[in-house]
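The values are calculated or read from the model by the stated rules, or taken from the named source; none is laboratory data. Quick caveat: nothing in here was measured; it's all calculated off a predicted structure. Every residue, glycine as well, gets a Cβ built from its backbone with ideal geometry; the counts of neighbours run over all protein chains shown. Surface areas here come from the heavy atoms of the whole protein model, side chains and all, with no ligands, DNA or RNA. Shrake-Rupley method; radii C 1.70, N 1.55, O 1.52, S 1.80 Å.
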Protein chains: 2
Amino acid sequence: MLGKQFRQLITNEHLRISVTELANVTGVSTSQIRYWERKGYISSKQSDKNKNHYFSFLTLFRVATIKHYLDQGFTLATAVDKERQRQELGKVFRTFITDQVKAITQLGPKKGEVILGTLTDDPEKEIYAVVDQKGTRLYSRPVKPDRH
Amino acid sequence: MLGKQFRQLITNEHLRISVTELANVTGVSTSQIRYWERKGYISSKQSDKNKNHYFSFLTLFRVATIKHYLDQGFTLATAVDKERQRQELGKVFRTFITDQVKAITQLGPKKGEVILGTLTDDPEKEIYAVVDQKGTRLYSRPVKPDRH
DNA sequence: AGATCTTTGTCAAATTATTTGACAAAGATG
DNA sequence: CATCTTTGTCAAATAATTTGACAAAGATCT
């Protein structure tokens, strides 16, 4: 199922971006990133000396969070602390995508459905979102019995 | 709100990856990617001749989908056709993330909540997911009246 | 007030990564 | 057999990045 593949792409820990891209997307300069890495606040993957540094999506989230706190006026060390305390909202988001988004199916031209699964306190009800050109709308429906 | 920033990072059309990264993540070789671009099946951003080609996340999804169909035995042209007919599940997914994920909040250490909004056919009920180390669970609750 | 630390920017030499045109090759199709 | 599709490989040229070094501004400490 393609939906599963897409979700794996998003959460793929091997998906990585270059330092320049990280800087462009987050607004944190490459020299800041270099310094933060030297301080041990963030990490990158580098197969050998002089080779490119690559950053994971989770690191991207973390850098964006640290930047958020720096913009609020905190010192770098405090921003890093607060980011750590938040336990990486990026991971929450990733777990949600991986475990809660069950399937993505296509219904027709420019129309699809995202299946979110059953309610924990009402397992007879399944939640799904309809996505089309107007946006998205959330619905519930009774769980269909398995055909096999 | 940080949750919004994270969602913007995922759906950010300016987030881009290099051709080598696209090849690594999708399993499609760089010479295939070059050929597909020459054929007009996919596109990249390139600020000038001889500069790096950069691919958007949506293009990443599309390449992955085309690869999926090639692996099923279709010719390249047919795979591209089928991908076009699917209207890019990646866009469905993106719209879902952008419009349906309302907020991501943190409740405590390694625990958070993803707010999905109200049911269209029952606007008094709000759906949310609790994310923790066990995974995720979906719940509904009455909509709280606004304080402001 | 001076010393020290934090944080970020800039530079240049060295190295890696990518682009590009060209060509080969295998298999499919006409 | 000719032509097209699709992909791989090569090498020269160019871009992108790394790295160590150093400067600078502001905060903090003594």
Margin query: Quick test for you: out of A:Gln87, A:Gln133, pick the one residue that is surrounded by 14 or more Cβ atoms within 10 Å (Cβ to Cβ) and modelled with pLDDT under 85.
Written below: A:Gln87
Note to self: Can you tell me which residue is surrounded by the fewest Cβ atoms within 10 Å (Cβ to Cβ) among those in region B:90-107 that are of a type in the set (A, V, I, L, M, F, W, C) and facing chain A (nearest Cβ under 7 Å)?
What the structure shows: B:Ile104
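Out of the residues in region A:71-84 meeting the condition of being free of Cβ contacts under 8 Å to residues at least 24 places away in the same chain and buried (at least 18 other Cβ atoms within 10 Å of the Cβ), tell me which one is farthest from the other protein chains (Cβ to nearest Cβ). I'd like the intermediate steps shown before the answer.
Filtering region A:71-84 down to residues free of Cβ contacts under 8 Å to residues at least 24 places away in the same chain leaves A:71-75, A:77-79, A:81-84.
If we keep only those that are buried (at least 18 other Cβ atoms within 10 Å of the Cβ) as well, we get A:79, A:83.
Numbers: A:Ala79: 12, A:Glu83: 10 Å.
The selected residue is A:Ala79.
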Check: In this structure, is B:Gly112 touching a strand residue (DSSP E or B) at 6+ places or on another chain (Cβ under 7 Å), closer than 21 Å to A:Val130 by Cα and either buried (at least 19 other Cβ atoms within 10 Å of the Cβ) or in contact (Cβ under 8 Å) with a residue 60 or more places away in the chain (or both)?
Finding: no
Next item on the list: Give the residues of region A:36-54 that are more than 9 Å from DNA strand D (Cβ to nearest atom) and either within 13 Å of chain B (Cβ to nearest Cβ) or open to solvent by 70 Å² or more (accessible area, probe 1.4 Å) (or both), sorted by residue number.
Entry: A:Lys39, A:Ser43, A:Lys45, A:Ser47
